[in-house]
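Each remark here refers to the structure printed beneath this line.
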Number of protein chains: 2
Amino acid sequence: MAIVLGIDPGSRITGYGLIESSSGKLKYVASGRIKVAEKKDLAERLGLIYDGISEIVHKYNPTELAVEKIFVSKSAPSALKLGQARGAAIIAGSRQGAILSEYEARKIKQAVVGTGAATKNQVQLMVKSLLALSELPKEDAADALGIAICHIHTHFSLGFISGKAKTLGFSRGRYSQKVEKA
Amino acid sequence: MAIVLGIDPGSRITGYGLIESSSGKLKYVASGRIKVAEKKDLAERLGLIYDGISEIVHKYNPTELAVEKIFVSKSAPSALKLGQARGAAIIAGSRQGAILSEYEARKIKQAVVGTGAATKNQVQLMVKSLLALSELPKEDAADALGIAICHIHTHFSLGFISGKAKTLGFSRGRYSQKVEKA
């Protein structure tokens with residue numbers, strides 16, 4: 001059994017999602033967002049991310065940590081801010097020994113939705129479906145859960161996703177058209 | 001009495017310097033560099049910075065933390081790496097309650113050498129002189145000590161620096177000519 005913590009770090013909102021993988025099945029554990037007010041000072045902002053993730057790590061003791069691999073397309077000032085938030089999240093997430101893996105955004109979408117060009121909304125819908133959630137998870141939390149799903153998919157070679165994606169119509173029809181136009 | 005921890009974070013080398021300020025006098029406490037091998041994985045690299053600074057904070061219990069304020073002139077990928085290292089260092093440095101201040105590079109050089117256009121070597125020489133060190137501190141450690149001196153200079157309005165700078169010939173002559181040509 002593995003407990004995977006997916007993190008989607010950001011200077012304002014850091015999403016997190018925990019999924020248990022056991023005997024080829026995914027079990028939703030927890031997810032949420034750490035929101036940081038911009039007016040706080042830098043040490044305080046980074047401390048909130050660090051404390052938030054530390055609390056989760058302490059509570060759920062994840063064995064693996066997964067984050068999106070960044071190929072910087074943003075401006076240098078944004079990259080600096082993202083880097084600081086990412087540093088805070090990764091340190092807190094790996095403190096108790098969870099092993100870090102990084103995945104490209106395209107690979108995460110591919111693993112969750114079945115296409116690397118999926119929209120944010122498609123990721124939310126597939127995450128809801130795959131984890132049998134009663135509500136659509138918020139964007140950042142859904143992204144974090146998607147990263148965790150990608151990690152489990154990569155490491156445990158689950159074959160369930162493409163079937164689900166077809167059931168939801170992502171492989172053709174309304175959703176795939178959206179993708180083609182994007 | 002204040003104990004100021006200056007940090008010059010970097011993804012490969014993070015410099016640190018501790019200075020005690022008491023009754024208008026500067027007392028060197030400690031300085032050094034945390035070197036991180038590039039081949040290690042990201043979580044491990046950030047963990048080394050975090051652990052290194054945490055150890056120092058635990059040992060010397062600084063009351064104040066000072067880092068260089070970054071106006072990003074670097075590329076976005078460099079900014080991301082620097083941001084991650086900076087996040088790790090700031091969290092570790094402020095964990096026990098030290099208050100963070102940030103200073104522009106120009107202001108640090110102004111405070112230490114007397115001119116915002118000072119060279120790295122001039123900063124090293126002035127740091128050595130101001131703290132009565134027996135050896136020239138290494139570049140990153142000297143920068144970190146310089147940041148701490150700048151913080152003390154800003155908060156405690158010490159008048160000793162301009163005199164020292166003149167004694168060392170930074171205000172005119174060989175060093176200032178170097179500056180003008182730079």
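Summary of computed values
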| item | result |
| --- | --- |
| Segment B:12-156: antiparallel DSSP beta bridges as a percent of all, rounded to 5 | 60 |
| For residue A:31, distant residues with modelled amide H under 5 Å away | A:18 |
| Alpha-carbon gyration tensor eigenvalues x 5, square-rooted, for the protein assembly as shown, Å | 48, 20, 15 |
| Under 16 Å between alpha carbons - lysine pairs in segment A:6-117 that sit 8 or more apart or on different chains | 6 |
| Quarter of the Cα convex hull surface for segment A:46-91, i.e. its orientation-mean projected area (nm²) | 3.5 |
| Cα-based helix-to-principal-axis angle, A:76-94 vs chain A, degrees rounded to 10 | 90 |
| Residues of type aspartates and glutamates that residue A:138 reaches as a straight line, Cα spacing below 18 Å, ignoring anything fewer than 8 places off in the same chain | A:8, A:68 |
| Where Rh is the Kirkwood radius over Cα pairs, Rg/Rh for segment A:17-149 | 0.96 |
| Angle between chain B longest axis and helix B:42-60 axis [Cα atoms, degrees, rounded to 10] | 60 |
| Vicinal HN-Hα couplings computed from phi for segment A:16-24 (Karplus, 6.51 cos²θ - 1.76 cosθ + 1.60; Hz; Gly/Pro x) | 9, x, 10, 10, 9, 10, 9, 6, x |
| Accessible surface of residue B:154 - all protein chains present, 1.4 Å probe, nearest 10 Å² | 50 |
| Accessible area per residue, Å², chain B with all protein chains present, probe 1.4 Å | 47 |
| Burial of 50 Å² or greater, segment A:43-59 residues [accessible area, probe 1.4 Å, versus chain by itself] | A:43, A:50 |
| Calculated from backbone phi, Karplus (6.51, -1.76, 1.60) coupling profile of segment B:127-136 in Hz, x at Gly/Pro | 4, 4, 5, 4, 9, 6, 7, 7, 10, 5 |
| Surface share of carbon and sulfur [accessible, 1.4 angstrom probe, percent] for chain B | 48 |
| Cα centroid separation, segment A:98-125 to segment B:11-47 (Å) | 37 |
| Per-copy distances of the residue A:22 label point, shortest first, in nm (7 angstrom along Cα→Cβ) | 5.8 |
| Whether segment A:68-136 is rounded, prolate or oblate, judged on the alpha carbon gyration tensor where a/c under 1.5 counts as rounded | oblate |
| 7 Å along Cα→Cβ, label-point gaps from residue A:156 to other copies, nm, shortest first | 5.7 |
| Protein heavy-atom accessible area occluded, A/B pair - total, 1.4 Å probe, Å² | 2000 |
| Exposure rule at most 12 other beta-carbon atoms within 10 Å, DSSP loop trypsin sites (Lys or Arg not before Pro): chain A longest free segment | A:41-171 |
| GluC sites (Glu not before Pro) within segment B:1-109: DSSP coil, no more than 12 neighbouring Cβ in 10 Å | B:38 |
| Label distances, nm, residue A:38 versus same residue in remaining copies, Cβ-directed 7 Å point | 3.5 |
| Cα point-scatterer Debye curve for segment A:104-158, base-10 log of I(q)/I(0) at q = 0.21, 0.23 Å⁻¹ | -0.65, -0.79 |
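The values are calculated or read from the model by the stated rules, or taken from the named source; none is laboratory data. Treat the numbers as computed from the prediction; the structure is a model and nothing was measured. Because the Cβ atoms are built from the backbone with ideal geometry, glycine has one as well, and the counts that use them run over all protein chains shown. Ligands, DNA and RNA are stripped out before the accessible areas are found, and what is left, the full protein with its side chains, is counted by its heavy atoms. Shrake-Rupley method; radii C 1.70, N 1.55, O 1.52, S 1.80 Å.
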